[in-house]
Amino acid sequence: EAVTHFAKTLTNRSRSQLRPVFADWVTASKVMLLLLSLFPLVHGGKFMEIEGVSAAPGTSFGDSLTGNAASCQDACDKEMSCDCALFDPLHGSCKMQADCLYFHPDYEGGGNLELYIKLPPHSWPFSVFPGTNANRDGQDVTVDKKGMTEQDCVDLCYQSTDCQCAVLLTKDRWSSADDHCWLQSKCHPEGFKQMNHAQEYITFVKDPKFGGFYETGSGSPVMLIICLVLVLLLFVVVTALVLYYMRNKGRAYRAILQDLAVPKEENSRKEYAKEQLLSSFSRKSGVGYLSSLELALEAKVRNSDIPCVYSLHKVPETFKVPQVDTSVTSLKVQLCFVLDYTGSMKTQIAQAKDSVSKIIEAMQKMKIASLPNAAIDVEMAAVAYFDWDTETRKLGRPVVSVFGGREVKEEHSDTLTAEKFCQLGGTWTKDTAALQKWINQGLGHGGKVPEELTGALLAAANLEWNADEKLMVVITDAPCHGKDYSTVEHDSFCDKSTGLTCTGRPEEPLQSLMAQGVTTVILHTGEAAAVSMCKKLQQTDPKLIHEKVSPSQTAQKVVSVLESKVQVQPLTYILKPFTTISLPGPDLATDTSIEVEVSGKKESVMVGSDGLLFLGTNTSNPKVTLNRPAMSGLDQWFDSNSDQVELDRIFDAEKSYLLKVPIKSQAES
């Protein structure tokens, strides 16, 4: 059935229309069932051997085979219609036969042939002796059990620890009852004799060498285990090969057979990719879109021809019901500036100094919705950092200095450790004039581009952070030391291999700040090296905020971040481009309505259970407004609709958008 389905799929579609066949789960499941159906053919059975045979009746089939006794048995084992094999050791020939009975073997003696009779799986744990009665050589474990099948008899013996052999009488000539079963101990197979009156008897003696698995009542226990193990191994191997192929080709979702349909010529390849994209988009197939998107990016289809699909996510920390507390009259906020004092930072330092009073003034006027009676009490601190270069030392400037604390002015050496920067102390202050006076200190030089930010972070992490809300603001235009954070040239005092100084890696103080609940904000001037550092540090602290700002925007940005920490935050959703590197994860928003406005025309689009928003291509930038579903406890606080956000009409795999549902004005008041 699987092969037929596969063939129909190929024949019913032209080469240019062939879709990823293995992406069809129906086909995949049928192929797996086909593979499973083949495994009962696995062989590995057991034979009863009778020597000195001259002939054995039965239906011979096939040609005579050549080989040895083992290959003769193996050939019969593989052939399902073979019941026994007659082997001639003198000529090395083997003849397979059907209609042989292991429980009543019929053969003629006086020859030199070897007869191998195939035994059923339930007898594999036993040695089989047909035509003999073991009663005289053993002691009964159980009395005569009547009406038992051969399977029941051997199962009963296998389960009994005292049973060494089972004797089955298949036809009782003295009564009308069939199938008598005895279990015996102290059996001695060497004493068994063929007896003329015992043709209806068959004796099963436990084989101590049997090392397989046996489950009573199962027709083929060992074969079942073998099948399951082989299926598992096959699945692991096939999965590993497919993943290796996809990774080697740089593909995550494109099915292997889809490549059969892809034209080789460049323009035809692009057109085919665009057709597949539009087809998957019209079907609203997420997997199909990803598969086609991989092909489109590989074929260098223009971004303007790629239909835009987004996944919608909630920002979970904003989906908490605010609790109003009128008993709180004060909210303590700590703000620490970490300032780069190298030669290029003159304007930024001046703006930071002016920002102190503006921030205090703005925070004093701020009203908190969830704490209507609370006044904001702001404490500030500051850490200045320079570098270890000779020119800075000639100017008499330190490497790191802390407001109200100590400073490090030594020359860089192997004897200095990071611990030195953890013991600089420092104080918090509400005296804006004193802090502004301290900030207004001379600049250093800086040497190469990277500066001693890590030492400053160590000093800041060891301040006494004990406020309700804690914020550290770094203002810089350069990265920290370390070749993992930027590719710029480092000073000679840095480690030649790592680019680090005695203060180590910045992740350590950053983790300490995170543990104390401090939010880190890095305001930079947009240099590539500084941006590279920020992205690297975000791997340690995903909540780290970094942004390019002009010096005049410093106060505004700091107030904005502080406000976001103390105020009730809007319900926030994220629209992420749906790509192989940005897949839907936790906090997926489903069954949500989005109003899309393009060139003045509005349309309501539903985000389904897969969390995907299919927007497509547009002639102008679409504007979207989210209509959130009703949420118990949040409805009294937040509006029903988000603020309108304008999206880029051209596909951009790295650009995400925030959709914010604002707090209701009456709730705020």
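For the reader, a short list of remarks on this structure follows.
- The set of residues in region 323-349 that are part of a loop (DSSP other than H, G, I, E, B) and within 30 Å of Phe421 (Cβ to Cβ) comprises Tyr341, Thr342.
- Given (1) modelled with pLDDT of 70 or more; (2) outside any helix (DSSP H, G or I); (3) not charged (D, E, K, R), index of the condition Val236 fails: (2)
- Residues that are in a loop (DSSP other than H, G, I, E, B) and either in contact with a Cys (Cβ under 8 Å, 6 or more places away or on another chain) or open to solvent by 10 Å² or more (accessible area, probe 1.4 Å) (or both) within region 468-481 comprise Asp468, Asp477, His481, listed in sequence order.
- Checking Ala434 against (1) open to solvent by 10 Å² or more (accessible area, probe 1.4 Å); (2) closer than 30 Å to Trp637 by Cα, the condition it does not meet: (2)
- First in region 493-515 and among the aliphatic types (A, V, I, L, M), second anywhere and surrounded by fewer than 18 Cβ atoms within 10 Å (Cβ to Cβ), Cβ under 7 Å, 6 or more apart: Leu510/Thr540; Leu510/Asp541; Met514/Asp541
- Taken over region 369-383, the criterion of being modelled with pLDDT under 95 and either open to solvent by 40 Å² or more (accessible area, probe 1.4 Å) or within 19 Å of Cys480 (Cβ to Cβ) (or both) is satisfied by Pro372, Asn373, Ala375, Asp377.
- Between Lys332, Lys353, Lys346, the distinction of being in contact (Cβ under 8 Å) with a residue 40 or more places away in the chain, over 30 Å from Gly608 (Cα atoms), touching a helix residue (DSSP H, G or I) at 6+ places or on another chain (Cβ under 6 Å) and of a type outside the set (Gly, Ala, Ser) belongs to Lys353 only.
- The combined condition, being polar (S, T, N, Q) and at pLDDT below 95, is fulfilled by Ser492.
- In region 630-641 there is at least one residue that is open to solvent by less than 60 Å² (accessible area, probe 1.4 Å), part of a strand (DSSP E or B) and closer than 19 Å to Ile663 by Cβ.
- Scanning region 308-344 for residues that are crowded, with 22+ Cβ neighbours inside 10 Å and either hydroxyl-bearing (Ser, Thr, Tyr) or out of contact with any strand residue (DSSP E or B) (no Cβ under 7 Å at 6 or more places or on another chain) (or both) yields Tyr310, Ser311, Tyr341, Thr342.
- Test result for Gln436, in a loop (DSSP other than H, G, I, E, B), of a type outside the set (D, E, K, R), in contact (Cβ under 8 Å) with a residue 24 or more places away in the chain and closer than 12 Å to Ala382 by Cβ: no
- Residue within region 435-452 that is closer than 18 Å to Leu510 by Cα, of a type outside the set (Lys, Arg) and out of contact with any Pro (no Cβ under 7 Å at 6 or more places or on another chain) present: yes
- Subset of region 412-431 that is within 23 Å of Glu508 (Cα to Cα) and of a type in the set (Asp, Glu) - its residue that is surrounded by the most Cβ atoms within 10 Å (Cβ to Cβ): Glu419
- Criterion: surrounded by 20 or more Cβ atoms within 10 Å (Cβ to Cβ) and not in a loop (DSSP other than H, G, I, E, B) - qualifying residue of Leu458, Leu500, Leu463: Leu458
- In region 415-427 there is no residue matching the filter, namely being assigned to a helix (DSSP H, G or I), closer than 20 Å to Lys358 by Cβ, small (Gly, Ala, Ser) and out of contact with any strand residue (DSSP E or B) (no Cβ under 9 Å at 6 or more places or on another chain).
- Flag for Ser620 being over 31 Å from the mean Cα position of the chain (by Cα), in contact (Cβ under 8 Å) with a residue 24 or more places away in the chain and surrounded by fewer than 18 Cβ atoms within 10 Å (Cβ to Cβ): yes
- Strands (runs of 3 or more DSSP E) lying entirely in region 74-166 (those with 3 or more residues that are at pLDDT 85 or above and open to solvent by 30 Å² or more (accessible area, probe 1.4 Å)): 108-118
- Positions within region 279-307 being modelled with pLDDT of 85 or more, surrounded by fewer than 17 Cβ atoms within 10 Å (Cβ to Cβ), of a type outside the set (S, T, N, Q) and on the phi < 0 side of the Ramachandran plot, in sequence order: Arg283, Glu298, Arg302, Asp305
The values are calculated or read from the model by the stated rules, or taken from the named source; none is laboratory data. What you see is a predicted model; the values in this text were computed from it and never measured. Cβ atoms come from the backbone with ideal geometry, glycine included; neighbour counts cover every protein chain shown. Note: accessible area is taken over every heavy atom of the protein model, side chains too, but ligands, DNA and RNA are not part of it. Shrake-Rupley method; radii C 1.70, N 1.55, O 1.52, S 1.80 Å.
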